[in-house]
Amino acid sequence: RAADLIRERFNLYYVAIFIVDEKSQWAVLRYATGEAGKTLMERKHRLEIGGKSMVGTAVMSQQARIALDVGQEAVRFANPLLPDTHSEMALPLVVGGQVLGALDVQSTEYSAFAEADITVLQTVADQIAVAIQNARLYHEARSRARLEQLINRVTSKLRRTIDADSIMAATLSELQDALGARRVAARLGPEQLLRAAQHSDEGDGRDRGNGRP
């Protein structure tokens, strides 16, 4: 929504949002506008952080990179899907000193970005960064809550169980439900004893899950 609104509000040629990958090596395209954006997303487009692109440079330096004439910009990825770009601006998405990605905007006009535009777009980039961080924290909190619920259920059942077979069956059953897996298995000891909990539709010939050690 942010990318589409920015493109519409500033009458831009192209708007994209990149997110830093887990290894902080690549800025990965998460959303981009227009047909070019759709094609790039299908290709899983990414730019190396610190590499020869405005996005990669903005992420590395945590500072905006602005080219009012891309023909004069030495550090830039000239995307063949966007041949009419004449101005480009890459703004880092930073929150709490941590860079999450970059907002990339491109225009068909030379000197398309006035000082006021730069200020507004940087404010928007800051708000996008906060929204992304809040979404991550929310999902992390939900994941922790689900994990705690699973641990509590398993612990409660184990307290009522006294033999190894029942303990294993209860644990695997809970894991199966939590993971949504068709089959969950544990291999124990040197004899590789297999104990598995499976759905009642096991005989349908489909195996959606692998045994988990």
* Structure fact -> Scanning the range 106-130 residue by residue, the ones that are assigned to a helix (DSSP H, G or I) and open to solvent by 60 Å² or more (accessible area, probe 1.4 Å) total 8
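Residues are listed down the side, and each one gets a yes or a no for (1) surrounded by fewer than 19 Cβ atoms within 10 Å (Cβ to Cβ); (2) in contact with a helix residue (DSSP H, G or I) (Cβ under 9 Å, 6 or more places away or on another chain); (3) free of Cβ contacts under 8 Å to residues at least 40 places away in the same chain:
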site: LEU12; (1), (2), (3): no, yes, no
site: THR33; (1), (2), (3): no, yes, yes
site: ILE49; (1), (2), (3): no, yes, yes
site: ALA67; (1), (2), (3): no, yes, yes
site: GLN72; (1), (2), (3): yes, no, yes
site: ALA90; (1), (2), (3): no, yes, yes
site: LEU93; (1), (2), (3): no, yes, no
site: GLN98; (1), (2), (3): yes, yes, yes
* Can you tell me which residue among ASP165, ASP207 is modelled with pLDDT of 75 or more, open to solvent by 70 Å² or more (accessible area, probe 1.4 Å), over 30 Å from ILE17 (Cβ atoms) and out of contact with any Leu (no Cβ under 7 Å at 6 or more places or on another chain)? => ASP165
* To do: Specify which of the listed residues (ALA58, ALA78, ALA141, ALA131) is over 21 Å from the mean Cα position of the chain (by Cα) and of a type in the set (Gly, Ala, Ser).
  => ALA78
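The values are calculated or read from the model by the stated rules, or taken from the named source; none is laboratory data. All of these numbers come straight from a predicted model, not from anything done at the bench. All Cβ positions, glycine included, derive from the backbone under ideal geometry; neighbour counts span all protein chains shown. Only protein heavy atoms, including side chains, enter the accessible area calculation; ligands, DNA and RNA are left aside. Shrake-Rupley method; radii C 1.70, N 1.55, O 1.52, S 1.80 Å.
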